[in-house]
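One structure is given below, encoded as structure tokens.
The values are calculated or read from the model by the stated rules, or taken from the named source; none is laboratory data. This structure is a prediction, so every number in the text was calculated from the model and none was measured. Cβ: placed from backbone, ideal geometry, glycine included. Neighbour counts: every protein chain shown. Side chains are part of the model used for accessible areas, which takes the heavy atoms of the whole protein and leaves out ligands, DNA and RNA. Shrake-Rupley method; radii C 1.70, N 1.55, O 1.52, S 1.80 Å.
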Amino acid sequence: RAGRYAEESERYARLGTGVQKPTVMIIACCDSRAAPETIFDAGPGEIFVMRNVANLVPPYAPDGKHHATSAAIEFAVIGLGAKHVVVMGHGRCGGIRAVVEGSDPLSSGDFIGKWMSGVKDVADAVRHDHDHSNDLQTAVEHASVEHSLANLRTFPWLRMRENKGEVTVNGAWFDISLGELHVYDETARSWSLV
């Protein structure tokens, strides 16, 4: 046990002497069961993580209001030079479930309801096109990641870097109960197990 403590102390001492230089940013849900550091077996300093309810990326809106997710994306890509941005959804997401089922807490006057309002149109479109043999919630979880990828591309400086090949934008989805990671192929518009 003392050896493990010394090893961790040395690692944090090294991390504290320099600046962070993660090459990957992950935008993930704040659900305690879907921790990116654990899923990707990453140590401190290896990935830059932004967590919010339902792993949403809002569209670019330089309106002077508070935009924590947008600020984190800007900091990771412009400030830290991250080369890969991943939006990672997960199975059994409570925020997505609330939108799919229309359950509380989603009043228009609260923070969660306002935050999740962008997913309502996504859920309605999926519900309209949904093959009922598949799980509706999973389909909306996937579609929400795809929607966030589109929203990422509304950030002009990110889109420019992606067009130049300096940054990649990727979608992922973690199945909590099976411990499986799926990735989104934008060309094929399909999800596959890693």
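If you take the residues in the stretch 1-31 that are of a type in the set (Lys, Arg) and assigned to a helix (DSSP H, G or I), which one is farthest from the chain's Cα centre (by Cα)? Break it down into steps so the answer makes sense when it comes.
Here is the first cut: in the stretch 1-31, the residues of a type in the set (Lys, Arg) are 1, 4, 11, 14, 21.
If we keep only those that are assigned to a helix (DSSP H, G or I) too, we end up with 4, 11, 14.
Values: 4: 31, 11: 27, 14: 28 Å.
Among them, the one singled out is 4.
Please specify each residue of the stretch 14-29 satisfying the condition of being within 21 Å of residue 80 (Cβ to Cβ) and either open to solvent by 70 Å² or more (accessible area, probe 1.4 Å) or of a type in the set (A, V, I, L, M, F, W, C) (or both). Steps first, answer last, please.
Here is the first cut: in the stretch 14-29, the ones within 21 Å of residue 80 (Cβ to Cβ) are 14-28.
Within the stretch 14-29, 14, 15, 17, 19, 20, 21, 23, 24, 25, 26, 27, 28 qualify.
Condition first: open to solvent by less than 30 Å² (accessible area, probe 1.4 Å), touching a residue at least 12 places away in the same chain (Cβ under 8 Å) and in a loop (DSSP other than H, G, I, E, B). Now tell me which residues in the stretch 32-47 satisfy that.
First, pick out the residues of the stretch 32-47 that are open to solvent by less than 30 Å² (accessible area, probe 1.4 Å): 34-36, 42-43.
Then keep just the ones that are touching a residue at least 12 places away in the same chain (Cβ under 8 Å); that gives 34, 36, 43.
34, 43, listed by residue number.
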Checklist entry - Looking only at the stretch 50-101, which residues are surrounded by fewer than 15 Cβ atoms within 10 Å (Cβ to Cβ) and over 17 Å from the mean Cα position of the chain (by Cα)? => result 61, 62, 63, 64, 65, 66, 78, 79, 81, 101
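One line per residue, one yes/no per condition, for (1) touching a residue at least 12 places away in the same chain (Cβ under 8 Å); (2) open to solvent by 30 Å² or more (accessible area, probe 1.4 Å):
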site	(1), (2)
116	yes, no
150	no, yes
159	no, yes
181	yes, yes
190	no, yes
Item to check | Pick from the stretch 127-146, criterion of a type in the set (Ser, Thr, Tyr) and either modelled with pLDDT of 90 or more or in contact with a strand residue (DSSP E or B) (Cβ under 7 Å, 6 or more places away or on another chain) (or both), ranking: least open to solvent (accessible area, probe 1.4 Å) | outcome: 144
